[in-house]
Amino acid sequence: MKVSENLPRSPLGFLRWFCKKELIDEIEGDLIEVYRERFERNPRKAKFKLWKEVLQSFNRRNIGIMEKYQNWHVVAGLSMIKQYARVLFRTARKHKVYTSISVASLTLGITCASLIHLYIQKETNFDRIYTNADQIFRINHKSKTSGRSYAYAPLPMTPHLIESSEAVIDGTRIFKYRRASPITVVKSKRSFNEPRLGWADANFFEMFDLPIVNGNEKGLLDRPNTIVLSQTTAKKYFGEEDPVGQMIEFGSAEKHKLEVVGVFEDFPTNTSFQFDLIAGIETCSRIMWSSNHLNSWRNMFVSAYVMVKPGREKEALDQIQTATTTYFDAESTSTWEASLQPLTDIHLGEAMDIGEWSSHNDEETLILMGVIGIIILCLGCFNFTNMITAQAGQRTKEVGVRKVLGSHRRNIAQQTIFETLTFVVISGLLSVLFIYLLLPKLGDLTSHTYLMEEILKPEFYLPFLAILVAVIAISGAYPALYISRIGSIQLMKQSSSEGGSSIRNILVTAQFTITTALIISTGIVYLQLQYLKNKKLGFDDSVIVSMPIHNDEAVIPKINTFRNELTSYAGISGITAASHEMLTDYTYITQFDIEGIEAENLWERYTVEQDYISTFDLEIVAGRAFDSNIQSDSTAFILNESAVQAINLTPQEAIGKTITDISLEKKGKIVGVVKDFHFRSLHHDIAPFVMYVNWDRLDYISARLATDNFQENIDHLEDTWIKVFGEGVPFFFSYLDQQAAAMYLKEDNEMQLFSIFSFISIVLGALGLFGFVLFTTERKFKEIGLRKVLGASSWQVIGLINQNFIRILIISSIIASPITFFLMSKWLKDFAYRIDQPIWVYLVTVLIIFMIATITVSRTTWKAASSNPVDAIKNE
Amino acid sequence: MGALEEMVILIAAAMKDEAYAVSIAREYTRRTSQEISIPAIHTVLKRLEAKGFVKSSESAPTAERGGRKKRLYQITTSGYSLVSDLRNQREELWSLIPDMSI
């Protein structure tokens, strides 16, 4: 029979391993017979059923593993381990509470610390996926006049360096348009608004070697009018079809055809480059800029990266500085200082004032996270060590009996180590399970994706192994070394050991200090966040929607028609257009000259339409708003209070002065001053700000909608949009209040993390305290009994048990408060607008901790206090 | 004695010399049109053997079983008297049940 070779090996091997010898023939023979019968019908099902039946056979009646190893103990000391295991199970069962507290604490500690470790690893490996990451630098520039730093280099810089510098191997530029770009798929006629479109040099993918999954590796963007897509985007556009060779269109009214020439693997979450589409920068120049733009040194608004030969960074920087001084300073009103920033330093290092478009994180936050991780791990280990040593202290009698019966000191040490090891291994395995379950949640919180494989790398698990070995050593060492040394008679006389109680006090105090600090911090972060979210921005953001129009020349002339169409509609109370979307972090800064003022004013400016002020409901403090009926208002300017203050004028004095935007050569009179309002997020102070109607570009239309029949209003807006601008201009909109909320996403996530951490540390603290009080009570059981016999009331007994832990709580709040105050003041400094730390948060926290602690211990104390003293005393 | 045990012992008795786990399972499936797993039959047979209702003997190894021996089961006298007692009990009860069609 030829099937015989095809019998599945693993289930039968397993069967043969565990099965009693005398049963193998019958069981295996029967299973093989039916397996063959089933195999004829359905091989896969047959195999599955075989496995199922083997596992069903794995029962008490059939298992004969132990007989197999019966004679081994002489060789392997197996019977000793068997004996250890038996004692372990008995102890674990007897001290169920202690055992579960220690395992739960350690599991919690390891799980949290691992998750934090994973996150920190992701962050510190930022931008390191590229082969030459260590040799790649970003060119930054700093204006000596304004002190502002830019993450940009003049456009001709990299070609110039590649040609003239020996130290520079390669260089590439990438431009990210700060607004979403309209893209239409030609074949399906579907439109998308793509916020992550980049324009790069053809060698971009050679320097940043992301895998290309479809298309040629080399010279991907060499040809003009080509574009490459990320895998996800390609799928979104073309489904299962081959994207290479397909056409897409860029632009809304004036459309430019681009050919898809390749697909790159999605950028991982931990890199500065987050693009879904990348097209050639020359194509960009042709579509959006003038013909000579790429060669003009005065253009500095694009990031440039260079790959430098190892050790020759200084030389490269000198050459860059020379080029900047020679070519760029000549075109600029300022002098500039160039610098090279390592690619791997961009995410965590110093952030430039202008031109950062990737996510940024502080090293400090990571250090704080790391410290919290270590603290939680320590809390877990404290609990574990506490419980194990407390338990060991109660087992002195057992050890005494063992010694009398001839146990060697080494056996006793071995046994305690064996027990600790077992618990640690169990906690480790449970942690792996929890990590697996929690990885997606961690991904949501930190906007990264995590894979389970990452915890299998030695650099990940080795530190944990080291810590666990330390935990085993510390928790095992005390009983192993201390108890095993004491003479057996002494051990048996002593009812329980007092050893380690001062260490235990210190550990519990440390735990509560940390818990208190974390809860207070959570409270303050929460209050600050509420403050930010509820702070008046200076304008009404409730129901404003903004729609991108990308300075589209086909749209702008029709804005008036659009507005007129909507004036008769009651659900929409205002329509206006401007160069900016309110609350975006991107700004234009230009230089303004004011009649009679000797100062170089680098101010933010928006170019707006006349009804901007009424639509956003901005408050005028002097002069008036723009008025379309006044002819001269076509060149009028309006300043905010901060701008007026910056030039030492009162709002009234400023009215009527002549002002010039030097950079854009626009000149006019100041007609009004608006009250300060927040045009950027509250991380920033309100800066001087200028609005004028003589616009150079309009990128957004904003509309104020009535809240009643909201959906109807949106629908009407869209219908009118299509009617006026036509189907070719896609309608997209976003809510301003949602955008305002999104600005604090980072703080929101911090808040969540803080709450999780404080919750965990409360749980750990409570577990620790519970065990601690349980231990104290059990030790004082006889004392309590005697006191009660001598007339103590239940309440006096409760006071006796609790005085120790109340002392601990008081000490820990006294230590925690000043430390937290200091740390939180530091955190709050990041915000231009912040709360004062309220004292009540501190008081409430202490109260909460007292309550949790009291609830935790109440059952144990009450049981001890109300117990019958006879039980305690007779128990000798 | 459970219904499954009774069924198995009856099938074993009916099959005379050819009763072993696989053939019993087949017969069971044929008669009741219910699937049953081999380990389940094993468990029942071992239980019956421990109670002395069946006895077993080994046969020669065969190729379709991968060279493994069969264990054949036969009903014992005490097994036979048990099932016939069961049958008598049932028939007595049946005689008391009035005819449903009336």
Could you count how many residues in segment A:562-591 are open to solvent by 30 Å² or more (accessible area, probe 1.4 Å) and acidic (Asp, Glu)?
-> 2
What residue, of B:VAL22, B:VAL54, is more than 9 Å from chain A (Cβ to nearest Cβ) and open to solvent by less than 30 Å² (accessible area, probe 1.4 Å)?
-> B:VAL54
Hey, A:ALA853 hydrophobic (A, V, I, L, M, F, W, C) and buried (at least 17 other Cβ atoms within 10 Å of the Cβ) or not = yes
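Please tell me if A:ASP830 is touching a residue at least 24 places away in the same chain (Cβ under 8 Å), farther than 26 Å from A:THR385 by Cβ and assigned to a loop (DSSP other than H, G, I, E, B).
Details: touching a residue at least 24 places away in the same chain (Cβ under 8 Å): yes; farther than 26 Å from A:THR385 by Cβ: yes; assigned to a loop (DSSP other than H, G, I, E, B): yes.
Spelling it out, A:ASP830 is indeed touching a residue at least 24 places away in the same chain (Cβ under 8 Å), farther than 26 Å from A:THR385 by Cβ and assigned to a loop (DSSP other than H, G, I, E, B).
Would you call A:SER793 of a type in the set (S, T, N, Q) and at pLDDT 85 or above? Let's see the steps before the verdict.
Values: of a type in the set (S, T, N, Q): yes; at pLDDT 85 or above: no.
The answer is no for A:SER793.
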Go through the residues of segment A:176-188 one by one and say whether even a single one is in the same structural domain as A:SER285 (by TED's automatic domain parsing), over 33 Å from the mean Cα position of the chain (by Cα) and free of Cβ contacts under 8 Å to residues at least 60 places away in the same chain.
-> yes
May I ask you to list the residues in segment B:57-75 that are surrounded by 18 or more Cβ atoms within 10 Å (Cβ to Cβ) and more than 8 Å from chain A (Cβ to nearest Cβ)?
-> B:LEU72, B:TYR73, B:ILE75
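Restricting to segment A:289-318, give me the number of residues that are touching a residue at least 12 places away in the same chain (Cβ under 8 Å) and closer than 21 Å to A:TYR152 by Cβ.
Total satisfying the criteria: 19.
For segment B:28-44, give me the residue count where each residue is facing chain A (nearest Cβ under 9 Å) and touching a helix residue (DSSP H, G or I) at 6+ places or on another chain (Cβ under 8 Å).
Step one: list which residues in segment B:28-44 are facing chain A (nearest Cβ under 9 Å), which gives B:37-43.
Retained after the next criterion (residues that are touching a helix residue (DSSP H, G or I) at 6+ places or on another chain (Cβ under 8 Å)): B:37-42.
Total satisfying the criteria: 6.
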Kindly indicate whether B:LEU82 is more than 13 Å from chain A (Cβ to nearest Cβ), out of contact with any strand residue (DSSP E or B) (no Cβ under 7 Å at 6 or more places or on another chain) and more than 15 Å from B:ILE11 (Cα to Cα).
-> no
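Given the structure, is A:GLY355 modelled with pLDDT under 90, crowded, with 16+ Cβ neighbours inside 10 Å and in contact with a Cys (Cβ under 9 Å, 6 or more places away or on another chain)? Show your work before the answer.
Working: modelled with pLDDT under 90: yes; crowded, with 16+ Cβ neighbours inside 10 Å: yes; in contact with a Cys (Cβ under 9 Å, 6 or more places away or on another chain): no.
In short, no.
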Positions within segment A:592-602 being open to solvent by 20 Å² or more (accessible area, probe 1.4 Å) and either more than 41 Å from the chain's Cα centre (by Cα) or under 29 Å from A:GLY728 (Cα atoms) (or both), in sequence order | A:ASP593, A:GLU595, A:GLY596, A:ILE597, A:GLU598, A:ALA599
Given the conditions (1) closer than 26 Å to A:PHE273 by Cα; (2) of a type in the set (A, V, I, L, M, F, W, C); (3) modelled with pLDDT of 85 or more, every one holds for A:PHE423 apart from (1)
A careful count of residues in segment A:240-294 that are open to solvent by less than 10 Å² (accessible area, probe 1.4 Å), among the hydrophobic types (A, V, I, L, M, F, W, C) and not in a strand (DSSP E or B) gives 4
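From the list A:GLU37, A:GLU53, which residue is at pLDDT 80 or above, surrounded by fewer than 17 Cβ atoms within 10 Å (Cβ to Cβ) and within 11 Å of another protein chain (Cβ to nearest Cβ)?
Working: A:GLU53 fails: surrounded by fewer than 17 Cβ atoms within 10 Å (Cβ to Cβ).
One residue alone meets the criteria, A:GLU37.
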Tell me which of these A:GLY311 doesn't satisfy, since it passes every other one: (1) loosely packed, with under 14 Cβ neighbours inside 10 Å; (2) within 25 Å of A:GLU600 (Cα to Cα); (3) modelled with pLDDT of 85 or more.
-> (2)
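The values are calculated or read from the model by the stated rules, or taken from the named source; none is laboratory data. Since we're looking at a predicted model, the values are computed, not measured. Cβ coordinates were reconstructed from backbone atoms using ideal geometry, including for glycine residues, and neighbour counts include every protein chain displayed. We work out accessible area using only protein heavy atoms, side chains counted, and drop any ligands, DNA or RNA first. Shrake-Rupley method; radii C 1.70, N 1.55, O 1.52, S 1.80 Å.
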